[in-house]
Amino acid sequence: MRPSRPALLAMLAFLLAACVPEPPGPAVAVDFDAPYTLDSGDKLRVVVFGQDGLSNSYAVDAGGKITMPLIGPVRARGMTIAQLSDSISTRLRQGYIREPHVAVEIEAYRPFFILGEVTFPGQFAYVPDMTVETAVAVAGGFTPRAQRSRIELHRQVDGQTMQGVVPVGYPLRPGDTIVVAERWF
């Protein structure tokens, strides 16, 4: 017995609705003109001019601080390199060095992470001006089952995790997590 025409149309509509991709989620709201802020995993080169014992490489620890001789722990999380330089100068001026001149630069950015349908998911070193596409290339490319049109990005913004669906040309930042979904057909 053949199904009636309305039943056949209902089944066809149901199947087509299941194949329609989800609408993209909210975009990850980030101001790309905003200066880079430091966080755990960043490696910094701090130079205190005329003070070779203080000039060194420092890693931002899990608590978001660097620990320097004389002044101890200095908060770095959420600060720009200029703000950190000013903070170190202020602390050194309080009884240690009369007129400190401090320069801070980033030696290595914290890594980014990529999960899902890529050849080698995991943690990778961030390189400035990366996009989702270059991150996928670093991870060995898409697997045959990857849904290339649905790439989810998770990013920390002001202490909150933001997530959204982004195109492959979307710019990355250190610490981002990319999730490449699996396609069903």
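Residue pairs whose Cβ atoms lie under 8 Å apart, sitting 6 or more positions apart in sequence or on different chains, and linking a residue in segment 168-185 that is acidic (D, E) to a partner that is assigned to a strand (DSSP E or B), are D176/F112; D176/F113; D176/L153; D176/H154; D176/R155; E182/G116; E182/A146; E182/Q147. Scanning segment 99-154 for residues that are under 25 Å from S87 (Cβ atoms), within 16 Å of the chain's Cα centre (by Cα) and assigned to a strand (DSSP E or B) gives I106, A108.
Read-outs: derived from the displayed coordinates by stated rules, not from any lab. Here the structure is a predicted model, which means the values were calculated and not measured. For neighbour counting, all protein chains shown are included, and Cβ atoms are generated from backbone atoms with ideal geometry for every residue, glycine included.
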